[in-house]
């Protein structure tokens, strides 16, 4: 087998850039793609260690199309430093009113568990059990998990996270999607799953110039899927991943067989504009429509952190120096999620997320020092966040009761004129694949069934 030296690793011929494979008359069909052996048990890996307390990744960036296998191993020194910092936290006094932000009681309970019981090595081993890769697209390294199904007719899907997120949020759905027969499904439900880390998040590179907005990320993800040998594929996302998914469909409708979203973007532009301007709700709105209008109108007060991100993300650089500062910011994403996390840490209740779930995601951002680089997508985005993007491909919509905004179905139908599936669930919130993986998997199976 021909091998190529990348860094200190010898890579088999399947990892050669596409152009070199073309010279060797290798066809870019799905079953003969540049990553022929990406089953979990067969994937070769190159260990990439954290070399300093900042959490910088030692893999070398590449300007070509090389796909480099990747594993992550945090140094024990970094983990010890994290614990030391958590234990050394200087606490403020308790809040005077519950509306003042993340409750001190919740953060103290999180800190205690983080410093005394939490074990990063568990999720690290889980991450490394999947085939991980890095490739350079548009001048930046993009990390992605890529798991191919054992079932012959599996179809590809790219799944996009948002903030504060990472591929950790999607780990629970990899097995059911790639190996449906082991999770109560049928072989014809199978997908090949691609889960990238957004630029500035986790193991992906951090942009050193401006311009990495959702449009550019969507373009990079289309390039990624084509580089993997897929000319036709599905896409799914939530939060920023929902906007990226919509834009993938808008940019490349001939490549996208269909998309799925658990954060439907479908508020009429004139409604969004009036609500953000603080104007009174139009008198002809229904009760359901007025609820959404009020949710948008209160966005600047209810989501004050996100508003700060749009203006001065660098101001929160303290999150790179204080793990408790980072955790507090992450917990303040939205009120329903915060309430759930408080019940988990303070009351010990069993919810959609566990204590480890929450800390896995926070710890990843800490170890990779991607707090501030993750905030910047809010500053980069100049498009309307809730208004339709112009999606024409088939769309699958999952609606959850604890979402941050509740777009009426008839607005969603107008935003996605080719909506083929809609399911309103009775439990779950903003981080649906993380909180309610079985519901998301069910929607993907049923929603895309007619499109296979």
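The values are calculated or read from the model by the stated rules, or taken from the named source; none is laboratory data. Computed from a predicted model, the values in this text were never measured in an experiment. Reconstructed Cβ throughout: ideal geometry from the backbone, glycine too, with neighbour counts over all protein chains shown.
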When restricted to 415, 433, the only residue in contact (Cβ under 8 Å) with a residue 60 or more places away in the chain, within 18 Å of residue 337 (Cα to Cα) and out of contact with any strand residue (DSSP E or B) (no Cβ under 6 Å at 6 or more places or on another chain) is 433
For residue 448, which of the numbered conditions (1) surrounded by fewer than 16 Cβ atoms within 10 Å (Cβ to Cβ); (2) over 26 Å from residue 213 (Cβ atoms) fails to hold?
-> (1)
Subset of the stretch 84-98, residues assigned to a loop (DSSP other than H, G, I, E, B) and either loosely packed, with under 10 Cβ neighbours inside 10 Å or in contact with a strand residue (DSSP E or B) (Cβ under 7 Å, 6 or more places away or on another chain) (or both), comes to 90, 92, 93, 96, 97
Filter the stretch 235-260 for residues that are out of contact with any helix residue (DSSP H, G or I) (no Cβ under 7 Å at 6 or more places or on another chain) and over 15 Å from residue 162 (Cβ atoms); which is surrounded by the fewest Cβ atoms within 10 Å (Cβ to Cβ)?
-> 254
Could you grab me the full set of residues in the stretch 176-201 that are in a loop (DSSP other than H, G, I, E, B) and touching a strand residue (DSSP E or B) at 6+ places or on another chain (Cβ under 6 Å)?
-> 197, 199
Which of the residues spanning the stretch 396-412 are assigned to a helix (DSSP H, G or I) and either without any contact (Cβ under 8 Å) to a residue 40 or more places away in the chain or touching a helix residue (DSSP H, G or I) at 6+ places or on another chain (Cβ under 6 Å) (or both)?
-> 409, 410
Looking only at the stretch 99-116, and only at residues there that are assigned to a helix (DSSP H, G or I), surrounded by fewer than 18 Cβ atoms within 10 Å (Cβ to Cβ) and touching a residue at least 40 places away in the same chain (Cβ under 8 Å), the one that is nearest to the chain's Cα centre (by Cα) | 113
Of the conditions (1) out of contact with any strand residue (DSSP E or B) (no Cβ under 8 Å at 6 or more places or on another chain); (2) closer than 18 Å to residue 137 by Cβ; (3) assigned to a loop (DSSP other than H, G, I, E, B), residue 216 clears all except one; give me its number.
-> (3)
Pick out, from the stretch 239-323, the helices (runs of 4 or more DSSP H) lying fully within it that include 2 or more residues that are under 21 Å from the mean Cα position of the chain (by Cα) and under 30 Å from residue 445 (Cβ atoms).
-> 240-251
Reported set for the stretch 148-163 where residues are surrounded by 24 or more Cβ atoms within 10 Å (Cβ to Cβ) and either at pLDDT below 95 or assigned to a strand (DSSP E or B) (or both) is 157, 158, 159, 160
Criterion (surrounded by fewer than 17 Cβ atoms within 10 Å (Cβ to Cβ), within 29 Å of residue 427 (Cβ to Cβ), in contact (Cβ under 8 Å) with a residue 12 or more places away in the chain and out of contact with any strand residue (DSSP E or B) (no Cβ under 8 Å at 6 or more places or on another chain)) met by exactly one of 286, 297, 301 | 286
Can residue 375 be described as under 15 Å from residue 86 (Cβ atoms), assigned to a helix (DSSP H, G or I) and either at pLDDT 95 or above or touching a strand residue (DSSP E or B) at 6+ places or on another chain (Cβ under 7 Å) (or both)?
-> no
Select, from 173, 145, the only residue that is closer than 20 Å to residue 228 by Cβ and outside any helix (DSSP H, G or I).
-> 145
Exactly one of (1) surrounded by 22 or more Cβ atoms within 10 Å (Cβ to Cβ); (2) farther than 16 Å from residue 416 by Cβ; (3) touching a helix residue (DSSP H, G or I) at 6+ places or on another chain (Cβ under 7 Å) is unmet by residue 263. Its number?
-> (2)
Within the stretch 314-355, how many residues turn out to be surrounded by fewer than 18 Cβ atoms within 10 Å (Cβ to Cβ), in contact (Cβ under 8 Å) with a residue 40 or more places away in the chain and farther than 25 Å from residue 428 by Cβ?
-> 3
Within the stretch 371-384, identify whether any single residue is under 23 Å from residue 112 (Cα atoms) and in contact with a helix residue (DSSP H, G or I) (Cβ under 8 Å, 6 or more places away or on another chain), and answer yes or no.
-> yes
